[in-house]
Structure formats: C-alpha cells, structure tokens
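A quick write-up on the structure given underneath.
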Amino acid sequence: MIKIEAIVREEKLEDVKSALNAIEVNGITVFQVMGCGAQKGWTETVRGSQVDVSLLPKVKFEIVVSSEDWEKKVIEAIQQSAFTGKIGDGKIFSYDLRSAMRIRTRETGYDALN
Ligand SMILES: Nc1ncnc2c1ncn2[C@@H]1O[C@H](COP(=O)(O)OP(=O)(O)OP(=O)(O)O)[C@@H](O)[C@H]1O
Ligand SMILES: [Mg+2]
C-alpha cells in the first residue's frame, strides 16, 4: 500500500477532487493546512516579537492506494489538475504504508481499500 499526500492551492480543491473522482479512487481525506515552500516566505516584527507571516493557506489531500500503478495514476491526476505553472503550485509526496483496516468489517491490507 502506498500513501500519497499532495499540498495544492486552495482554489484547486474542486479541480483536484474532480480529477480524483474521475479516476475512481476509493477514498480521500482533505485538510485545510498552512505551509511554505522553497521561497521560505519572510518574518516581520509585530509588537516586538518576530512573527512568521509567511505561512499561506493550502489544501492537503491524502489518498491511500493499493499499487504502484494506482500511485502513478493518482500523482498524474493531481499534477495535471493542480497545475498553474506559477510558484506555489504545491508538492506531491508518496511513501510505503504499513497497514490499513476497514473498521466496519475488520478487513486489513488491500481488502480494506477495495
Ligand atoms: N519540503 C516540504 N515539506 C513539507 N511541505 C512542503 C515542502 N515543500 C512544500 N511544502 C508544502 O507545499 C506547499 C506549496 O509549496 P510550494 O509549491 O511553494 O513549493 P516550492 O518548492 O516552493 O515550489 P515553487 O517554487 O513552485 O513554489 C507549501 O505551502 C507547504 O505546505
Ligand atoms: Mg514556493
């Protein structure tokens, strides 16, 4: 099993969701997050304290899939739907996942996903 995490522009939420629905992924989790990338942003002194004002609101998707084929499909769908070509388009990460369980049935592993 492979977990894919993608951080994208807020305004790309619907586009990415549609792209994932179109390839029929079996589950997604979406978070509202704050983050910064390579540009690092900047800090400002507010009432004597250094305050980090560089974090920007982003949307994070988490998707768990059963194979490398699915991993490729999901990453491709996200890249295409989240792309604008300007800085701040986001990042996609993926990694091997140890376990999964469907709570209702106690199915584990691939069975928990399909
Ligand atoms: N190395 C990282 N680790 C964790 N989160 C990251 C990392 N890089 C980017 N992010 C997340 O992705 C969001 C968007 O990153 P961003 O697109 O600005 O990346 P970038 O490397 O600066 O690329 P670009 O030059 O296109 O802006 C960030 O706000 C942050 O939430
Ligand atoms: Mg950036």
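Nothing in this text is a laboratory measurement; each read-out follows from the coordinates by a stated rule. None of the values given here were measured: they were computed from a predicted structure. A quick note on method: Cβ atoms are made from the backbone with ideal geometry, for glycine too, and the neighbour counts reach across all protein chains shown.
Annotations for the structure displayed:
- Taking 7 Å steps out from each Cα toward its Cβ at ARG104 and GLU76 produces label points 3.1 nm apart.
- DSSP-assigned coil residues among chymotrypsin sites (Phe, Trp or Tyr not before Pro) in the range 51-114, each with at most 16 further Cβ atoms within 10 Å: PHE83
- The angle between the Cα long axis of helix 68-82 and the main principal axis of the chain comes to about 40°, on a 0 to 90 degree scale.
- Sum of -39500 (n - 2.57) over DSSP H runs of 4+, divided by residues of the chain (222 nm, nearest 500): -7500 deg cm²/dmol
- The distance between label points at SER54 and ASP69 comes to 4.3 nm (points 7 Å beyond Cα on the Cα→Cβ vector).
- For the chain, the fraction of C-alpha pairs farther apart than 17 angstrom is 59 percent.
- Length added when fully stretched, LEU97-ALA22, from 0.36 nm per residue minus Cα-Cα: 24.6 nm
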